[in-house]
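A short worksheet on the structure shown next.
The values are calculated or read from the model by the stated rules, or taken from the named source; none is laboratory data. The shown structure was predicted, so the numbers you read here are calculated from the model rather than taken from an experiment. Cβ: placed from backbone, ideal geometry, glycine included. Neighbour counts: every protein chain shown.
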Ligand code: NAP
Ligand code: GLV
Ligand code: GLV
């Protein structure tokens, strides 16, 4: 497979890049600390056949149409809301992503956020570092038990289900969900019912036209006042200014966000000053084993796309029909 060239917009674990190079593909990696700009990407992609993109890079119609050689895009993420899929398909560009291999890692992170909030790890850890640990306090840092509580999952797909099973099997929680389709054996409700009845709400839907700004002020106000809200999906699913407003009104026992809008979060965001808000910098899939597996799957998508074969994780299988 000589003569093919692939561009990678951030350095990723080497497995996938080694695989591509072993197949004779030329691989070039953006190696600067600052993210590549759209203009820079446009310039480097002029003579590239494949692109390995990160979720923060917008691959829009303009960029796609400016890259006539491009045959395949492999997003180093399962979510592909950063890519204009319709424009890719119209231009005969296959698009791949990284489902399944990151399911457990992301569910683990959602669980970590939930337990940290329910047991007030952020505040209690901070208090130790500040020198405030003076005695054992019967009434200090009282959290909330998860046992018997109701978990509401918005988007009971791969990650939503993995998270729900952790909560159900590990912590004795009851599950309700709001998804597009029915899931046999699982209790589907309306969005409003889920918001009203859940003690813990966790978002696991993709960002699309229907889920963009799904949770605004009126919806957030439907939740129980001491509910815990976790978002490891996409920041744009929540109207962030409304979340701040509702938090300031005393709502929510805790809010855990691995994703924000925009990313990175504005350093002046009021969210950073609220003790019961725990924010991580979009690290859902960030464990070593997972990122290695994502690297390999990304490369396999590229190899398949260059060969006009079905991608192992194919977002737009209609592209060559
Ligand atoms: P998935 O298997 O496709 O699951 C998505 C679920 O959302 C499905 O159950 C789907 O319902 C549901 N859904 C779709 N549109 C909906 C709507 N309008 N309203 C309610 N539910 C809707 O995807 P996944 O692999 O679990 O990944 C989910 C998302 O997590 C990704 O798209 C990505 O944005 C995010 N993610 C974040 C991180 C991180 O680092 N924080 C890591 C990985 C993924 P049906 O089953 O009925 O279609
Ligand atoms: C991460 O957010 C992903 O979509 O993989
Ligand atoms: C706490 O450390 C206990 O022994 O109950």
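Quick notes
- Some residue of the stretch 238-257 being over 25 Å from residue 150 (Cβ atoms) and within 16 Å of ligand 2 (Cβ to nearest atom): no
- Cβ pairs under 9 Å, 6+ apart, first in the stretch 182-204 and over 25 Å from residue 115 (Cβ atoms), second part of a helix (DSSP H, G or I) and away from ligand 1 (no atom under 11 Å from the Cβ): 191/219; 192/219
- Looking across the stretch 280-295 at every residue that is more than 18 Å from residue 163 (Cα to Cα) and within 13 Å of ligand 1 (Cβ to nearest atom), the one that is surrounded by the most Cβ atoms within 10 Å (Cβ to Cβ) is identified as 294.
- For the stretch 2-18, the set of residues classified as in contact (Cβ under 8 Å) with a residue 60 or more places away in the chain and over 26 Å from the mean Cα position of the chain (by Cα) consists of 4 only.
- Residue 298, sole failed condition from (1) surrounded by fewer than 17 Cβ atoms within 10 Å (Cβ to Cβ); (2) touching a helix residue (DSSP H, G or I) at 6+ places or on another chain (Cβ under 6 Å); (3) in contact (Cβ under 8 Å) with a residue 40 or more places away in the chain: (1)
- Of the residues making up the stretch 52-102, those that are closer than 17 Å to residue 310 by Cα, surrounded by fewer than 22 Cβ atoms within 10 Å (Cβ to Cβ) and under 22 Å from the mean Cα position of the chain (by Cα) number 2.
- Residue match in the stretch 307-319 (condition: surrounded by 20 or more Cβ atoms within 10 Å (Cβ to Cβ), within 30 Å of residue 145 (Cα to Cα), within 14 Å of ligand 1 (Cβ to nearest atom) and touching a residue at least 24 places away in the same chain (Cβ under 8 Å)): no
- In the set (1) closer than 13 Å to residue 72 by Cα; (2) away from ligand 1 (no atom under 15 Å from the Cβ), the condition left unmet by residue 298 is number (2).
- Any hit, the stretch 246-259, residues being more than 29 Å from residue 172 (Cβ to Cβ), in the same structural domain as residue 120 (by TED's automatic domain parsing) and touching a strand residue (DSSP E or B) at 6+ places or on another chain (Cβ under 8 Å): no
- Taking the numbered list (1) surrounded by 14 or more Cβ atoms within 10 Å (Cβ to Cβ); (2) outside any helix (DSSP H, G or I) in turn, residue 184 passes all entries but (1).
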